[in-house]
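Notes follow the structure.
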Amino acid sequence: MNTDVAALRSRLPEGLIERQPLLWLNPGYDPQADGGTSHLDPALAEVRFARCAGLLRQVFPELQASAGRLISPLVPIPRFRDGMAPSGPAGVWLLKRDDALPVAGSVKARGGFHEVLSLAERIGAEAGVLGDETDRRVLAGPQARAVLGRHTLAVGSTGNLGLGIGLIGAGLGLRAVVHMSADAKEWKKQRLRDRGIEVVEHPGDYAAAVEAGRAIAQADPLMHFVDDERSEALFLGYAAAAHELQEQLRAVGRPVDADHPLFVYLPCGVGGAPGGILYGLKRLFGRHVHGFFVEPTASPCMLVQLACGIERPVSVYDVGLDNRTEADGLAVGLASPLAAPLMASLLSGVFTVDEAIFYADAWRLEELEGIYVEPSAATGLRGPLQVLDTPQGRAYLQRQHLEARMDGATHLVWSTGGALVPEDIRQSFRERGRRLAGAV
Ligand SMILES: *Cc1c(COP(=O)(O)O)cnc(C)c1O
């Protein structure tokens, strides 16, 4: 082993390279940090969503019922909680169901809608059909659609981002091209093509597909590349989820304060979606929110990046992991350079899970609560036990003086995708989950 790899590995928790599921506490976590020093303002996205609500309602029938607002349900999961922890650890367990977000069927709807809306507004303004005060519904009119139809959205994706961007873009009259890695599943490519989205396949992994897509888009002024690793528009779209959650927690009578800490468990790929959401929550709730990411044991890119220091990019390959996982959307080798520096002080920790755990948990969730989510979206379900029931978790609670306050805690598991998984694929996931549930 060369000395560089050895030096990096020395910063990683024991067992990570052996792919053991574990909880890592972020030594850089700063309870006082609340994102206030960053220029990124989630209000920009909230205002955009609000002024585009009429447009969204008109274009997407799925958004009629919510008057053009993008909202996912917040639901209790008491039976799952009792099944996981019969002795009944403290607090209330809730599931934030972004698996049921309209149009895109995953958390990507949040970032994707915001980015595509900001692009459509820009194109409309440049074409002279939209002024600052113009009702955004003009973007659904014939003149604007003719202009938008000349533009293409391009995106690199292992699945959900491509699907989200493609469907949202198509609704607004934009063409969409999705660049996929060679290892992407056939059913995913088919699912995109079935919905009129163009698929281009590239050799190599996710990062390579993103790179290839970015290069092609750069050469074409009418092509806009949605950059999963660096886009501030995506990030802010995710961050806007915080206010929605605040309203929902109020509605169900769950306060967030010193006596009622909020623990949030978020599946992490490049880190844009969970990073944006946690960033938004930190700006609202500060030190009373405790954010934990969950990553597959083969792809803990945020853990590796934060543990090795954010001064330079470090991927899971650099430390000898292979990034091979079935977890759709989480098979990412290198963390987002936009999200990672922000997470360095805001993120409490990362836990890792292997396939046997999250397939089984997805199956259990459906058995006990009647809620179907895709396996990647079930990864956060181990979060409460990681915090309540492991030495590292208890050390965190002690360090943050939370032990005596856990009766008032809310454990929020963020479910990130599922609605658009075809039935035959769901069935094969279920069977696998049922088999694995017997063994874990
Ligand atoms: C994309 C995705 C995530 C993670 O989002 P990142 O921005 O890549 O970190 C989590 N779960 C699912 C199902 C996803 O599609």
For region 303-317, indicate whether the set of residues that are buried (at least 20 other Cβ atoms within 10 Å of the Cβ) and acidic (D, E) is non-empty.
no
Total residues in region 134-151, condition open to solvent by less than 10 Å² (accessible area, probe 1.4 Å) and either within 21 Å of L70 (Cα to Cα) or in contact with a His (Cβ under 9 Å, 6 or more places away or on another chain) (or both)
1
Within region 145-158, can you find the residues that are in contact with a strand residue (DSSP E or B) (Cβ under 8 Å, 6 or more places away or on another chain) and either part of a loop (DSSP other than H, G, I, E, B) or more than 14 Å from the ligand (Cβ to nearest atom) (or both)?
G149, H151, T152, L153, A154, S157, T158
Kindly list the number of the only condition in (1) in a helix (DSSP H, G or I); (2) more than 21 Å from the chain's Cα centre (by Cα); (3) of a type outside the set (G, A, S) that fails for R110.
(2)
Within region 260-306, how many residues turn out to be part of a loop (DSSP other than H, G, I, E, B), of a type in the set (A, V, I, L, M) and within 11 Å of the ligand (Cβ to nearest atom)?
1
One residue is enough: does region 376-385 have a residue meeting the conditions closer than 24 Å to D98 by Cα and among the basic types (K, R)?
yes
Inspect all residues belonging to region 359-370 and state whether any of them is buried (at least 22 other Cβ atoms within 10 Å of the Cβ) and away from the ligand (no atom under 15 Å from the Cβ).
yes
Could you please give the count of residues in region 364-413 that are in a loop (DSSP other than H, G, I, E, B) and within 15 Å of H290 (Cβ to Cβ)?
5
Determine, yes or no, whether D361 is of a type in the set (D, E, K, R), part of a helix (DSSP H, G or I), assigned by TED's automatic domain parsing to the domain that holds D34 and closer than 24 Å to G159 by Cα.
yes
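The values are calculated or read from the model by the stated rules, or taken from the named source; none is laboratory data. The model shown is predicted, which means the values in this text are computed figures rather than measured ones. Backbone-built Cβ (ideal geometry, glycine too); neighbour counts: all protein chains shown. Areas reflect the complete protein model, heavy atoms only, side chains present, ligands, DNA and RNA absent. Shrake-Rupley method; radii C 1.70, N 1.55, O 1.52, S 1.80 Å.
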